[in-house]
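Student: Below you'll find the structure I mean.
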Amino acid sequence: MSLFDQFENDGSINTEEFAALDRRKQLDTRSTPVILEQGYVSARVENHTLPMFSLDRVQFPFPIGNLVSLAVSNNMLVFVMEHKGHGAGRDGVHTQKIYRIDLGKSDAIDEIDATLRQKTDKIRKIFLDPSAKHLLISTEAGDNYYLFEKWKKPRILNKFRGVIIESIGWGKPRNVTGESTGVMLIGSKQGHLFEAELQPTDEFFKREEKYFQQVFTIPEEGMPISSLRYEQFPAVPKKCVVFLATPNRLYQFIGDIGEDDADKSMFSELFKHYDGHTANFQEMPGDLVRTELQFWSQYLKETGFPSVPKTFAWLTGAGLYCGDLVFGNQSVGDSVINNAQLLPYPRPPSRQENESPAEGLYLPGDVPISINITKFHYLLLYESSIKAINILTSEVDYEEQIPLEFGELVFGISVDPLKSTYWIFTNLALYELIITEEDRDIWRIYLNKKSFDAALSYAKNPAQKDQIITAQAEYYYSQQRYILSATYYAQSASLSFEEIVLKFIAKDEREALKHFLFQKLERLRSQDATQITLISTWLVEIFINRLNVLRDKVSDAAATVETLSRNAEATEGLEDANSKKKTLEEEEAIAIDEFKQFLRKYKTRLDRDTTSKIIASHGRTQELLYFLELMGDYEKVVTHWVQERQWQSALDVLARQTSVDLYYKFSPILMEYAPYETVNAWIRQPNLNPRNLIPALLKYEVVRSAGKKGTEGQNQAIRYLQYVTQNLQNTDMTVHNYLLSLYISQAKRHDEEGLLQFLNSQKDHPRYDLQYALRLCSQHGLAQACVHIYSAMNLHEQAVDLALKFNDLELAQINANKPEEDNSLRKKLWLRIARHVIEENRDIKQALAFLLQTSDLLKIEDILPFFPDFVLIDDFKDEICSALEEYNEHIDELKAEMDEATKSAESIRLDIRELRNRYTTIPVAERCKSCRSPLLTRQFYVFPCEHVFHADCLSNQVIKESTPAKSKRIQDLQERITQEIAAKRAALVDDGGSILSSAMLGMRRVKEPGEASPVPSAVETKGNNKARSPDTLKEELDDLIAAECPLCGDVMIKSVDRPFIAQDEGDTIRSWQL
């Protein structure tokens, strides 16, 4: 069972079945394949009963007479039929008609009467151009007629009179839209060659012949020009070749043609180089009366005209002269024919066996009467049969008898190059030669000729392609081209995997085996995981063996070089040995690179443990490390380099992977032996957590950096933590505490500069533990650091005391100024500094200098208590005088401020008096802005903006907009004021005084902004003073309800999001409904 047989079934193909297929050459060899699994093709075939060639008789929808001539092109069939006349008066009279049938439309048949100039004249031959627009009719009397596709009657060509046309070489129209025939070359029965061009016209006095001119005459007298064709060279359109065939000669005329002038000959320039003796021609023996020259073009151009022909065939008496056409740089007198050969006509089998090789003459029935060409066959038409000779094998692939009636004669075969249809006509019938899948067996022919690429291009199904590929592989294997055979064996589905492998193992072709496995691996599907893994693993073994062999060869070459280098006389041998060694080293490097590429490509398909064991078993350490790194097993790779004490290699591997856990695992030992390189690796990996690297930093020994210059000589632990805290903005307290401890250790040995810079960098927002830092600094006696820490803890008194303890006045002054917002504390701290200077340093002048630095805090009287009892006043006399002067200036400033305050108070009193006299005029018809009722009907309020409201309307509106507490307070005040007004009215009645109207009595003016208290209105002022309400109640009520106008103040602004119609105003909404 094959290694790749997942399931065995009867549908799998085998060698015997393909061998049987190879032996089949019948028509039922074509198959419809079924793909079963990857690399398997079903060999079951489906029989095809349609023959490659078959004759089909055409049924005409009209009475059939005698066919005279036929032409077909562009799916248009044109023929001349002769009908025998009927009736007493016309006995023995024959009439000819021209039929034009559009093969694409079964009912499109044009019947045209052939009205000739001479009644006794008859049509002998017709010629149809490739576009099927132009038809030339030649008669026996030498008259020629022209029939355009749109005409119903042919027209005589007077210039052509007397020329019996035997052949025409059609050209392309001068322009695409034109209806001209283009330049034509016309061969006559007399051997003359004419050039002409026809232009159909409807004008009566204008002729169709644009020009008609003889350009050449063949030197053979009385020989007709049987076939004619001209072609332009693809690369040089001005260069043409004219093919001209007579019964025993084939001429080629090559040269440049003239300018494209509508009224001038184009080929006169070409034929003037030939005088009949210098023309290139091929002569064949024989006495044929009729010959044909046929061409086959592979493609058709957009214009409908055939492209440059590829092959040709010439009917001769000696055989079929055929070959290829190559258009290159030929010139006058050259030939475009290539690979020409003379094929003998097939003879009947009975005569082939009896004739001797010397007998080469053909009997009359052995020579065809007409020929044509398909893509792969020569069609030979005989008097009673049709044969197809394979162009590739020269064998007869088809032969069929034509069912002829008595007196029926075969005339010829015609082809439509556009539709590739072939028509055989006799004098009584028309047959279509139907070609079905002409190339069905071409692949087998090319296969037998070992033309494998051509065979593949014609293969129709996977079974055929597999047979070709298998045969190609076997052929190359037999030719000992094993690498090339491996390429095709990998594509073969008919041979088992084991069979192919054993072939290469038997020949000990390891490279070919490796190549086969590679190709097979490339062709496997992604779901064939097991097969891919097996082949990949096998290739690993092959690669490793190859590398070991190359390594041994390199070692031997190196030993040879070393031996020869000791011998001074072996100079030439030493050069050869060195060259051989260099070649082997390059070969080994290429093999290693190839192996690495293989591992990169198939790493996901290889089993890591198995492959690692294979590589390790051969001692290939570098390749093993490369594979492990590809598979992502970086831990083993780093472990190897650590064990080898290759620290930089270990760090390089760590840098190529993304797992931070490996950094944490291997950093302690790397930091111990390669601190500078390790820190560089850490810096390049920003995803590391510095807290997890502290164990590695603890392994660092400062002495390993001692004596080194630059960055390498720094403390690497401090260097990394500095980078983390400054560049990466790390805020982890643990990291900062450890960095602080490193700075403290460094300060203990050297100085405190680094520690102080660290503390200053975090003076605003320290990220280390202040208590921990203070404890460490105190233990190691780092005074300046302790002062900084005290300051960071806002313990300024302790900071100043500690600085004074170590007599560091500058540091004490700096810390004394730090509590900027607490002047009392600052003053206290400066007094401590001054007292220290006076008492400890006995420096009174320095203490007095503090007065200038802290003029806003300390005065002379503050430090006088610290002076000694017996001190001369001369030392600070100037300071005392300055202080007294400052006191006098300060007293003057206070007096000026008091005068200004007195003036301001007087101005305020005047303003209050003016406010009491302010008034406003209210029209009698003024209405309340809330209820729209007359304003003077009851008590009201007037605002500075001149909006007026009834007191109760204003109160209700304010209550509605206010908070519940404020609303409750307004209602309470209103009740109390009402009670007071009622009491006053009762008192007035008892006194007999007149009672002012409630409206006049209740008028109130709203106070202006900034006014201390409401002022009674003009009406109240002129009335009885006893009618006023209590000031306290009214002021409070005014403050609540009349603080601002409800139409101009904040209340109106806050109500902007309130709907115009409240929810309880449903009646209003309904009133607007229609």
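The values are calculated or read from the model by the stated rules, or taken from the named source; none is laboratory data. As the structure is a prediction and not an experimental result, all values here were calculated from the model. Note that we place each Cβ from the backbone using ideal geometry, even for glycine, and neighbour counts take in every protein chain shown. Just the protein is used for accessible areas: all its heavy atoms, side chains included, with ligands, DNA and RNA removed. Shrake-Rupley method; radii C 1.70, N 1.55, O 1.52, S 1.80 Å.
Student: Between rounded, prolate and oblate, where does segment 618-763 land on the alpha carbon gyration tensor, with a ≥ b ≥ c its root eigenvalues, rounded for a/c under 1.5, else prolate if a/b exceeds b/c?
Tutor: prolate
Student: Relative to the present Cα-Cα distance, how much length would full extension add between ASP911 and THR658 at 0.36 nm per residue of separation?
Tutor: 82.9 nm
Student: Same structure, new question: Which of the lysines could be linked to LYS828 by a straight reach, that is with a Cα gap under 20 Å, when you skip same-chain ones fewer than 8 residues away?
Tutor: Cross-link targets: LYS805, LYS818, LYS845, LYS859.
Student: Still on this model: Taking H placed 1.01 Å from N in the peptide plane, check which residues at least 5 places from ILE402 or on another chain put their amide H under 5 Å from its amide H.
Tutor: SER385, ILE386
Student: Using modelled amide H (1.01 Å from N, peptide plane; none on Pro or chain starts), what sits under 5 Å from the amide H of THR316, excluding residues fewer than 5 places away?
Tutor: Under 5 Å from the amide H of THR316 lie the amide H atoms of TYR321, each far enough along the sequence or on another chain.
Student: Still on this model: Tell me which residues come under 5 Å, amide H to amide H, from GLY255 once H is placed; ignore anything under 5 positions away on its chain.
Tutor: Amide H to amide H, under 5 Å and 5 or more residues apart or across chains, GLY255 pairs with CYS240.
Student: Roughly how many Å is it from the Cα centre of segment 422-467 to that of segment 289-343, as a whole number?
Tutor: Measuring centre to centre over Cα atoms gives 21 Å.
Student: If you stretched the chain out fully between GLU383 and GLU179, how much longer would it get, using 0.36 nm times the residue separation minus the C-alpha to C-alpha distance?
Tutor: Between GLU383 and GLU179, full extension yields an extra 69.6 nm.
Student: Now for a different question. Count the net charge of all other residues whose Cβ sits under 12 Å from the Cβ of ILE109, scoring Lys and Arg as +1 and Asp and Glu as -1.
Tutor: -1
Student: Anything over 22 Å Cα to Cα? Flag those among LYS97/LYS122; LYS97/LYS159; LYS153/LYS210; LYS97/LYS150; LYS153/LYS206, in the order listed.
Tutor: Among LYS97/LYS122; LYS97/LYS159; LYS153/LYS210; LYS97/LYS150; LYS153/LYS206, the Cα-Cα distance tops 22 Å for LYS97/LYS159.
Student: Measure off 7 Å from each Cα along the Cα-to-Cβ vector at GLU562 and GLU926, then give the distance between these two points in nanometres to one decimal.
Tutor: Here the modelled spin labels are 12.6 nm apart.
Student: For labels at ARG608 and SER967 in the simple 7 Å Cα→Cβ model, what's the distance in nm?
Tutor: Here the modelled spin labels are 7.7 nm apart.
Student: Continuing with the same structure: Using a 10 Å cut-off on Cβ atoms, rank the peptides 973-981, 383-391 from the highest mean neighbour count down.
Tutor: 383-391, 973-981
Student: Averaging sequence separations of C-alpha pairs under 8 Å and six or more residues apart, then dividing by the length of segment 443-562, give the relative contact order as a whole percent.
Tutor: Reported as a whole number, the value is 16 percent.
Student: With a sphere of radius 15 Å drawn around the Cβ of SER907, what net charge do the other residues whose Cβ falls strictly inside it have (Lys, Arg +1; Asp, Glu -1)?
Tutor: Local net charge: -2.
Student: Express the accessible area of segment 573-640 per residue in Å², computed with a 1.4 Å probe while the remaining protein chains stay in the model.
Tutor: Ligands and nucleic acids excluded, the result is 55 Å² per residue.
Student: Work out from phi, with θ = phi - 60° and the Karplus expression 6.51 cos²θ - 1.76 cosθ + 1.60, the ³J(HN,Hα) of each residue of segment 752-761, listed in order in whole Hz, and give x for Gly and Pro.
Tutor: 3J(HN,Hα) across segment 752-761, in whole Hz: 8, 4, x, 5, 5, 4, 5, 5, 5, 5.
Student: Separate question: Give a residue-ordered list of calculated ³J(HN,Hα) values for segment 328-337 (Karplus: 6.51 cos²θ - 1.76 cosθ + 1.60, θ = phi - 60°; whole Hz; x for Gly, Pro).
Tutor: Values per residue, Gly and Pro as x: x, 9, 5, 10, 4, x, 8, 10, 9, 7 Hz.
Student: Further question: Roughly how many whole Å is it from the C-alpha centroid of segment 614-659 to that of segment 593-608?
Tutor: So the two Cα centres are separated by 16 Å.
Student: Same structure again: At a 1.4 Å probe, what is the % contribution of carbon and sulfur to the accessible area of segment 443-562?
Tutor: With neighbouring chains kept in place, the figure for segment 443-562 is 49 percent.
Student: What FRET efficiency would be calculated for the residue pair ARG117, ASP256, taking the C-beta separation as r and a Förster radius of 25 Å, to the nearest 0.05?
Tutor: Efficiency computed from Cβ-Cβ geometry: 0.05.
Student: How many angstrom separate the Cα center of segment 509-557 from the Cα center of segment 195-242?
Tutor: Cα centroid of segment 509-557 versus Cα centroid of segment 195-242: 69 Å apart.
Student: If you stretched the chain out fully between TRP1072 and ASN548, how much longer would it get, using 0.36 nm times the residue separation minus the C-alpha to C-alpha distance?
Tutor: The TRP1072-ASN548 span can extend by a further 178.2 nm.
Student: Right, here's the next one. Mind listing the phi-derived Karplus ³J(HN,Hα) values for segment 785-790, rounded to whole Hz, using 6.51, -1.76 and 1.60 with θ = phi - 60°, and x for any glycine or proline?
Tutor: 5, 4, 4, 4, 5, 4
Student: Starting with the highest mean, order 533-544, 305-316 by the number of other Cβ atoms within 10 Å, averaged over the residues of each peptide.
Tutor: The densest-packed peptide leads the list: 305-316, 533-544.
Student: Using Cα positions and a limit of under 18 Å, work out the lysines in reach of LYS514, with same-chain residues fewer than 8 apart set aside.
Tutor: LYS503, LYS596, LYS601, LYS603
Student: If R₀ is 25 angstrom, what is the calculated FRET efficiency for the pair LYS507 and ILE590, using the beta carbon separation as r and rounding to 0.05?
Tutor: About 0.60, to the nearest 0.05.
Student: Which translational diffusion coefficient, to the nearest whole µm²/s, is obtained for segment 450-592 from the Stokes-Einstein equation, given a Kirkwood hydrodynamic radius over C-alpha pairs, 20 °C and 1.002 mPa s?
Tutor: Roughly 120 µm²/s, to the nearest whole number.
Student: Rounded to the nearest 0.05, what FRET efficiency is calculated for HIS273 and LYS159 with R0 set to 25 Å and r the Cβ-Cβ distance?
Tutor: 0.45
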